[in-house]
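So the structure is just underneath, and the comments pick up after that.
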Amino acid sequence: MTDYYKKDLAYIHDVGFSDFALKSAPGIIEILQQNNIKAGLIVDLGCGSGLSAQEFIKAGYQVLGIDISESMIEIATKKVPEAEFKVESLFETKIPPCVAVTSIGECFNYLFDEGNNNHNLTTIFKSIYRALISRGLFIFDILEPFTRGKTQGFKEGEDWIVLYEKEEDREQKKLTRRIITLRKEGNGYKRDEEIHHVRLYEASEITEKLDQVGFQVQSKNNYGKFNLLQGHKVFIASKSYNQ
Ligand SMILES: C[S@@+](CC[C@H](N)C(=O)[O-])C[C@H]1O[C@@H](n2cnc3c(N)ncnc32)[C@H](O)[C@@H]1O
């Protein structure tokens, strides 16, 4: 059992923070179709509660979703029974042959398992490259350094409240998020807390690593019509057909 995206935060992410995945998926599907990838297996790394998996299934693809959080995978399995899901670290999973690999919502930035360092990013990019069919696509987004300083905020829904404090350490290229969740239980609210450490990557570092592995890379600020906030970058990496 991991200490991240436990039951309450997984629930809150699914009901209160679905926008990012739901707005990204149409743009990703459009890119796949434009590249003549109209069917086949998509491996969704850091699939969360299955929001993007559901959109990919609706568009006619098969989906294998991987996430380190058991609670996220529990929601995903119920939401999208047509897809396959596994609780595993994306840095350790064996990626099967597929037409596309996606990773939505800065999943590569998280330092949830110790192996997430520079070396491992290259290792995972290599295994994604090997798993993709020729002309297959690897589409994902990351979080960059962006002097956010220290910020606090909250969001609430019908039966939950989430409070957060984020602090960016520009020098260390790290962001720490302290997240407090309150979820209605009986006449009161149940409290839980998580601390997420996130490593920030310059877009140029990511492009360089993808390039070294053999991908043809484009970076953008949007998934189709969905423009990402400043500090986020989308990568569309293609496995060129002559390799
Ligand atoms: C911001 S959420 C995005 C979830 C989903 N893609 C979405 O857009 O709704 C980041 C996800 O990455 C997952 N994650 C972080 N590090 C991971 C790792 N090493 N292996 C697998 N999943 C990971 C988290 O558990 C979480 O579900």
Fraction of the pair-distance distribution of the stretch 44-185 above 21 Å, Cα-Cα pairs, percent:
52 percent
Gap in Å between the Cα centre of the stretch 57-101 and the Cα centre of the stretch 162-177?
28 Å
Give the aspartates and glutamates reachable from residue 209 as a straight Cα distance under 18 Å; neighbours fewer than 8 places away on the same chain don't count.
106, 141, 144
Ordering of 3-9, 135-141 by burial proxy (mean other Cβ atoms within 10 Å per residue, highest first)
135-141, 3-9
Above-threshold pairs, the threshold being 21 Å between Cα atoms, out of 7/126; 6/184; 94/174; 79/233; 23/220; 150/174
7/126; 94/174; 79/233
Convex hull over the Cα atoms of the stretch 150-198, averaged projected area in nm²?
3.5 nm²
Local net charge near residue 156, Cβ-Cβ under 12 Å (Lys/Arg +1, Asp/Glu -1)
+1
Considering the alpha-carbon set of the chain alone, what are its Rg and its Dmax in angstrom?
17.5, 63
Evaluate the charge dipole of the stretch 89-243 about its Cα centre and quote only its size in Debye, nearest 20, assuming +1 on the Cβ of each Lys and Arg and -1 on the Cβ of each Asp and Glu.
440 debye
Show me the trypsin sites (Lys or Arg not before Pro) within the stretch 151-243 that DSSP assigns to loop and that have at most 14 other Cβ atoms within 10 Å of their Cβ.
170, 225
Testing the spin-label approximation: label points 7 Å from Cα along Cα→Cβ at residue 155 and residue 78. State their distance in nm.
2.0 nm
Counting sequence-distant residues (5 or more places) and residues on other chains, those with an amide H built under 5 Å from that of residue 222 are 228, 234
Where a ≥ b ≥ c are the square roots of the eigenvalues of the C-alpha gyration tensor, would you call the stretch 126-177 rounded, which needs a/c under 1.5, or, failing that, prolate if a/b is larger than b/c, or oblate?
oblate
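Laboratory data are not the source of any read-out in this text; all were calculated from the coordinates shown. As the structure is a computational prediction, the values presented were derived from the model and not from experiment. Cβ coordinates were reconstructed from backbone atoms using ideal geometry, including for glycine residues, and neighbour counts include every protein chain displayed.
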